[in-house]
Amino acid sequence: MSASGRSTPSAEPAPPATSVPSARPAPPGDHSGEAAPEGRPEPPHVPVHPVDRAFLNLERARPDVRWDAGGIAYLSGPPPALADLRAYFGHRLRALPLMTSRIEGGRRPRWQPDEGFDVDRHVHEAVADGPGGWDAALHTALNTPLAPGTYWGAWLIHGHDPDAYALCYRFHHACQDGAAAAMTFRAVLGEGESSGRPVPGRARRAAVPRRAAAAVGMAARFAAGTITVRGHRPVAAYVPTGERRLYRGRVPSDTLRRIGAARDGSAHDAYLAALAGALASWAEESGVPLPRVTAVLPVDARRPDEEQTWGNRCFALPLELPVRLAPAPADASSDSDAVRRLDHVTTATRKLRGAARRQTIVDLVRHMPARPTEWYMRRVLSPRVTNIMTTSMPLADRGNLGETRVTGTALLPLLVPGHLFAVALSSFGEWAEVSVVVDSGLPLGERLPELWERTVAELEEIPEPR
């Protein structure tokens, strides 16, 4: 379905008009959404992580490319005035020192407070010209470049409906990754819930040498995998226009959890298996051949004590999606293509769900030097290695801005040059919402969310194995 300004109707009546409030205190013991106390010392100068430096260098090498990602919150209720929203952001940002920092330095760049920070250069609006102007306003929010010298921007999208609006947040990928952006969502629009992301336990000192060897071995394996990609050439599916469009779909979160659990997997496995089935249908409808589809799978690699951090703490893994299936052996079970795709994905991701593998990824991201990190990032994002960016992120159980309620969400994953499109799954409340970011030149890009929902329905009919 198309990304509309009207979310699925809420069971609650639309709240009355209200001004944007000051930040409310979080529950006792939880400060993830609380404004910083007055008098708190300025944050120390924080080194720029190797993954951040890789994204900065990618931008220098390709200044014509958009290296930003983000998300959209859809809200039910009267929109605030732009001046009120800017004042609200200014108050909330005291709890997010990264957002008011800049990168300084040459060979050893560091994040440091930006003394000249001006919230007006970051918070904007895109006004729709009546009910039919939503698409044009959304286009403005998705495609307007970030202001020079800034790392993020927010757009208030309104004018299409007096009781609905949206807030679009975009950031340069050197500034944040998806997990940090989800934390920003909860600080600005959430109510202090934890992210629900999997984190490794605290490792014992005695295990450090073994962990170091595991990290080196993993780095070597994945680096080798980006070099030896036999017979793979980028698919010339379309001529890029540089203009991004967003399309959305949604299913109940419990549906994905049940599908994954039925085959000893996760909701994320169900999401990827449905994506593979949707791609098979899309390739048939669009006439775009997909001999091989390999997705970039970002893995959050924060330590347990890194709830909000400067820059990126993620590792990008290539994962081949089972779009084209080999004929089943004659003596094999009569499983449907949907079942075979789900089993394939579940088997491929099983090791990633283990605590030992996740700890290895954390160690690798924490200690990997800058130059090898940049080399790996260039390789794994290359269309000769991967051709789709896919990610997922739990956001919150609920959210609001004043008395206006968040009714839906959409992630805006990075659309890498040469990739077919980027797709993301956000979990908000009881809904799992898929968002597809495409270049406007991609044929039938608007069909992808509907095909994904249809494939989820097919997976839901799979009987549990006996």
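The values are calculated or read from the model by the stated rules, or taken from the named source; none is laboratory data. As the structure is a prediction and not an experimental result, all values here were calculated from the model. Every residue, glycine as well, gets a Cβ built from its backbone with ideal geometry; the counts of neighbours run over all protein chains shown. To get the accessible areas, we keep the full protein, side chains included, count just its heavy atoms, and leave off ligands, DNA and RNA. Shrake-Rupley method; radii C 1.70, N 1.55, O 1.52, S 1.80 Å.
Taking the Cα centre of the range 56-197 as origin and charging only Cβ (+1 Lys, Arg; -1 Asp, Glu), how large is the dipole, in debye to the nearest 20?
Values: 14 positive and 17 negative charges, 163 e Å.
Result for the range 56-197 is approximately 780 debye, rounded to the nearest 20.
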- Task: At 1.4 Å probe size, with no ligands or nucleic acids counted, give the accessible surface of TRP282 in Å², nearest ten.
- Result: 0 Å²
- Task: At 7 Å along the Cα-to-beta-carbon direction for both LEU444 and ASP161, put a label point, then send me their distance in nm to one decimal.
- Result: 2.9 nm
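When only the heavy atoms of the protein chains count and the probe is 1.4 Å, how do TRP67, TRP431 rank by accessible area, highest first? Walk me through the intermediate numbers first.
Details: TRP67 20, TRP431 70 Å².
In descending accessible area the options line up as TRP431, TRP67.
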- Taking only C-alpha positions in the range 353-466, Rg and Dmax in angstrom work out to 18.1, 50
- Message: Once you place label points 7 Å from the Cα toward the Cβ at ALA356 and VAL239, how far apart are they in nm?
- Response: 5.3 nm
- Note on the structure: Residues other than ALA126 with Cβ under 13 Å of its Cβ, Lys/Arg counted +1 and Asp/Glu -1, net out at -2
- Kindly report the accessible area of the range 38-172 per residue (heavy atoms of protein chains, probe 1.4 Å, no ligands, DNA or RNA), in Å². 44 Å²
- Item | HIS172 accessible area, assembled protein chains, probe 1.4 Å, Å² | 20 Å²
- Item | Fraction of accessible area attributable to carbon and sulfur, the range 348-436 (%, probe 1.4 Å) | 53 percent
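How would THR349, THR100 line up by accessible area, probe 1.4 Å, largest first? Show your work: numbers first, answer last.
Values: THR349 10, THR100 40 Å².
Putting THR349, THR100 in descending order of accessible area: THR100, THR349.
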- Message: How large is the accessible surface of THR373 in square angstrom, using a 1.4 angstrom probe and rounding to the nearest 10?
- Response: 10 Å²
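Would the range 81-147 count as rounded, prolate or oblate if I go by the C-alpha gyration tensor, calling it rounded below 1.5 in a/c and otherwise prolate when a/b exceeds b/c, oblate otherwise?
Working: a/c = 3.83, a/b = 1.87, b/c = 2.04.
Oblate is the answer for the range 81-147, as a/c is 1.5 or above yet b/c matches or exceeds a/b.
Percent of accessible area on the range 75-145 owned by carbon and sulfur, 1.4 Å probe?
On the way: 1640 of 3390 Å².
Summing carbon and sulfur atoms, their accessible area is 48 percent of the total for the range 75-145.
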- Query: What's the percent breakdown of Cα-Cα distances in the range 405-459 across 5 Å bins, shortest bin first?
  - Reply: 4, 18, 23, 25, 17, 9, 3, 0
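Probe radius 1.4 Å, ligands and nucleic acids left out: which of THR226, THR140 has the largest accessible area, and how do the rest follow?
Solvent-accessible surface, decreasing: THR140, THR226.
Ignoring ligands, DNA and RNA, what accessible area per residue does the range 424-466 give at 1.4 Å, in Å²?
Details: 1940 Å² over 43 residues.
Value for the range 424-466: 45 Å² per residue.
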